[in-house]
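Notes for the one structure printed next.
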């Protein structure tokens, strides 16, 4: 654009100069009126008495001017469009000239790096924009040798942000902000990379990294959890085959253990499938209206034997008029998992309390289910992870003593059951004092 | 020498300082992570990284003294150069404190903590965010955001005395915890010093922009 613009400008200037000389010679005495008439002639040339070649020239110049203006307008629109796209792009971009100055960048760049407050301007050294020595060294390297580089950076301002940075050399010479073109003139520089600039591209890959970490943990956990019962089954089977089968009393005991482990395995596989379905939102919820108090009583009664065995006091209370439209069986599963956990993580003499009450959230009537225990509690830094599959407080995979074989999936299921109903789960806990889980569910199914 | 090249040199000085600042910021963050995760590998990387911070300080000093010697700068330019020297000094001290913390992590050798670390990483994160804002103020020449540095420094000081009390209680209850308690005490002391140095950097930035001498550490 700039070359053709310059060319057209030069043409216009030349034509003007020629025109001026010619008019001075031949129409000097005609005066200003005549000038105006000549120029107006472009509009109504038939009325004016002017030499034909002059009129042709005027027409030509006017035509070119119109074209130029239209071209300029198009360019402006295109620039605006490009600027808007650049601004909307979630990918961070920065164009650096060979002096290391940022010629161009978009807001995503400073947002991703968390350096927006410095309000650095285009035309300034690139480190003022990135404020990251790793990125600045990468850009400098590319400017030096023209070889593309890529790496992953984690801006210190964010706890869990991973950026994939790529810096590519730009072979073609870029105009500097002040020198404006003229890069051909210095002719020096060896190799295209040195003469050109560099383009830095930043992609946010945090969600991918998080997913990878979850998957890694999941695979590690699931193999561990599945291996434990399998090892036990294999061990007892081998002992049986080695001759223990002939000792009836012993064989009976071993087979009993094998059955228990197999059941645990089956339950775990069942829960895994269940969770996969919940996560994929493929479950059909069997919505119906039921009394919350009745459900609370059922669950508490079911867990009374376990609570007694552990020496834990278990109580439930709910308003008899409280009703909920939801998948009763799923809500029962949710409540059971919470009560089960509460009992398992509370030592003898402790107490687990189940309560339900009406509570509106965001002007939506709902039911709040609270399961509170006086157990060992959960450290604050682990609270946001306990809903992950197989996550166990303490980080270790050791089982709590006398545990009856929880799958490590209970809370993940709780969370997903609440979410498929349009509800949510909150947790408060103090290590050594106990935990409180609150599940809020909308009183009526969405869209009904 | 023409003004243009002088400006380019000033910019170069500022870029070197920012590079140093970014390294120091990462050192704070890395050492806190090493501390929380009890990770001696990360800690060792912090110790090694401190050499580069020291080298950058020498580079800043070299560039600055060259500018002074060859250009006889005045007023704003001189302030620019003088504050760069001061800032690089404080950044270098922050780097040293990070290195000290890293050495504690290495000495502790991955042993579990007597208490979960909550306030100590919080101190580190506070100091790091103070440095971030100060560096951004340095670039934008907008010092309004760092006028609140004293309050944030007070918060770090407050956390420091809290950690101190808490650790003392642990150590009095159980002499077994004394060795670790002392190390953690040192760590919080280093963090408190880091925040003080960040505040000094803030003072230098305010001096650079407005020419006024303020005492944010008062």
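Key figures for this structure:
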quantity: Most mobile listed residue (B:110, B:89, B:124) in chain B, GNM with C-alpha springs under 10 Å; calculated: B:110
quantity: Rg/Rh ratio calculated on Cα atoms of chain B (Kirkwood radius); calculated: 1.04
quantity: Acute angle (nearest 10 degrees) that the helix B:40-71 long axis makes with the longest principal axis of chain B, alpha-carbon atoms; calculated: 20
quantity: Gyration tensor verdict on the protein assembly as shown (Cα atoms; rounded if a/c is under 1.5, prolate if a/b is larger than b/c, oblate otherwise); calculated: prolate
quantity: Residue B:52-residue A:122 pseudo-label distance in nm [points 7 Å out on the Cα-to-Cβ vector]; calculated: 3.1
quantity: Gaussian network model of chain B, springs between alpha carbon atoms under 10 Å - residue of B:93, B:165, B:132 with greatest fluctuation; calculated: B:165
quantity: Residue-span extension gain [residue A:281 to residue A:249] - 0.36 nm each, minus C-alpha spacing; calculated: 6.7 nm
quantity: Whole-number D in µm² s⁻¹ for the range B:56-103, Kirkwood Cα-pair radius fed into Stokes-Einstein, 37 °C, 0.692 mPa s; calculated: 283
quantity: Theoretical gain in end-to-end length, residue A:80 to residue A:216 [0.36 nm per residue, Cα-Cα removed]; calculated: 44.5 nm
quantity: Average beta carbon contacts from partner chains per residue of A:129-137, 10 Å cutoff; calculated: 5
quantity: In degrees, nearest ten, helix B:178-210 long axis to first principal axis of chain B (Cα); calculated: 20
quantity: Test item: B:135-141 mean partner chain Cβ contacts at 10 Å; calculated: 6
quantity: Selected from B:94, B:106, B:118 as most flexible by GNM, with chain B as the system and alpha-carbon contacts under 10 Å; calculated: B:118
quantity: Inter-label distance for residue A:111 and residue A:357, nm, one decimal - labels placed 7 Å from Cα along Cα-to-Cβ; calculated: 4.1
quantity: Residue order, fewest to most beta carbons within 10 Å, for B:146, A:258; calculated: A:258, B:146
quantity: Cα-based shape type of the range B:76-131, given that a ≥ b ≥ c are square roots of the gyration tensor eigenvalues and the cut on a/c is 1.5; calculated: oblate
quantity: Helix-only [θ]222 nm of chain B, DSSP H runs n ≥ 4, -39500 (n - 2.57) each, per residue, nearest 500; calculated: -30000 deg cm²/dmol
quantity: Per-residue average of Cβ from other chains inside 10 Å of B:24-36; calculated: 2
quantity: Between the range B:50-118 and the range A:252-331, the alpha-carbon center distance in angstrom; calculated: 59
quantity: Cα gyration tensor shape for the range A:276-316, rounded if a/c is under 1.5, else prolate or oblate; calculated: oblate
quantity: Length added when fully stretched, residue B:148-residue B:3, from 0.36 nm per residue minus Cα-Cα; calculated: 48.6 nm
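Just so you know, all these numbers are worked out from the coordinates, no wet-lab data involved. For clarity, every value in this text was computed on a predicted model and none was experimentally measured. Note: ideal-geometry Cβ built from the backbone for every residue, glycine included; neighbour counts use all protein chains shown.
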